[in-house]
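Some notes on the structure that comes next.
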Amino acid sequence: MSPIHAAREYVLEVAQRPALASSLPETTKAKIRHSDVWLNQFKRVGDLFVYLKRFSVDKQDAIYLEMRALGLQTFEDIADSFERRFAAWIGDRTRASDFVIGETYSAYDILIF
């Protein structure tokens, strides 16, 4: 399994799947499913790590509070363990040189960069 596939699987196993299998409200699960769409777009571990780190621990965030009340882990909770587990690839991020003139790229590719 490639590093990015292992990293995605880690996030799914530790945070996403338990949340989707829980008793969270459907509106919250819909937001979690939306983050799954993003999760599948990352091609490099470092980009995925930056995405995880963009979630701040706001103790008043409704989703954070709902998940923590059920004992679920959030992206905020797993960011440090993700960094340790995938330390060898944390610096592997999309670079301008990854884009080739004349090729077509998705909006996700551009936004991740």
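The values are calculated or read from the model by the stated rules, or taken from the named source; none is laboratory data. This structure is a prediction, so every number in the text was calculated from the model and none was measured. Because the Cβ atoms are built from the backbone with ideal geometry, glycine has one as well, and the counts that use them run over all protein chains shown.
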Those residues of the stretch 1-60 which are of a type in the set (Ser, Thr, Tyr) and either without any contact (Cβ under 8 Å) to a residue 24 or more places away in the chain or under 26 Å from Ala107 (Cα atoms) (or both), in sequence order: Ser2, Tyr10, Thr27, Thr28, Ser35, Tyr51, Ser56
Among (1) of a type in the set (Phe, Trp, Tyr); (2) free of Cβ contacts under 8 Å to residues at least 40 places away in the same chain; (3) in contact with a helix residue (DSSP H, G or I) (Cβ under 8 Å, 6 or more places away or on another chain) - the single one Tyr105 does not satisfy: (3)
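Residues checked against (1) more than 22 Å from Leu20 (Cβ to Cβ); (2) at pLDDT 85 or above; (3) among the charged types (D, E, K, R):
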{"residue": "Lys43", "(1), (2), (3)": "yes, yes, yes"}
{"residue": "Gly46", "(1), (2), (3)": "yes, yes, no"}
{"residue": "Tyr64", "(1), (2), (3)": "no, yes, no"}
{"residue": "Gly91", "(1), (2), (3)": "yes, yes, no"}
{"residue": "Thr94", "(1), (2), (3)": "yes, no, no"}
{"residue": "Val100", "(1), (2), (3)": "yes, no, no"}
{"residue": "Leu111", "(1), (2), (3)": "yes, no, no"}
Where Thr104 falls short, out of the listed (1) farther than 20 Å from Gln16 by Cα; (2) touching a Phe, Trp or Tyr at 6+ places or on another chain (Cβ under 7 Å); (3) not hydrophobic (A, V, I, L, M, F, W, C): (2)
Matching residues, the stretch 1-41, being aromatic (Phe, Trp, Tyr) and modelled with pLDDT under 95: Trp38
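Residues checked against (1) at positive phi; (2) part of a helix (DSSP H, G or I); (3) in contact with a Leu (Cβ under 8 Å, 6 or more places away or on another chain):
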residue: Ala6; (1), (2), (3): no, yes, no
residue: Gln16; (1), (2), (3): no, yes, yes
residue: Ala19; (1), (2), (3): no, yes, yes
residue: Leu24; (1), (2), (3): no, no, yes
residue: Thr28; (1), (2), (3): no, yes, no
residue: Lys31; (1), (2), (3): no, yes, no
residue: Gln60; (1), (2), (3): no, no, no
residue: Leu65; (1), (2), (3): no, yes, no
residue: Gly71; (1), (2), (3): yes, no, no
Single unsatisfied condition, Leu52 versus (1) modelled with pLDDT under 85; (2) within 28 Å of Ser2 (Cα to Cα); (3) of a type outside the set (Ser, Thr, Tyr): (1)
The stretch 87-101, subset surrounded by 10 or more Cβ atoms within 10 Å (Cβ to Cβ) and in contact (Cβ under 8 Å) with a residue 60 or more places away in the chain, residue farthest from Ser2 (Cα to Cα): Asp92
Failed condition for Val37, given (1) in a loop (DSSP other than H, G, I, E, B); (2) surrounded by fewer than 18 Cβ atoms within 10 Å (Cβ to Cβ); (3) not acidic (Asp, Glu): (1)
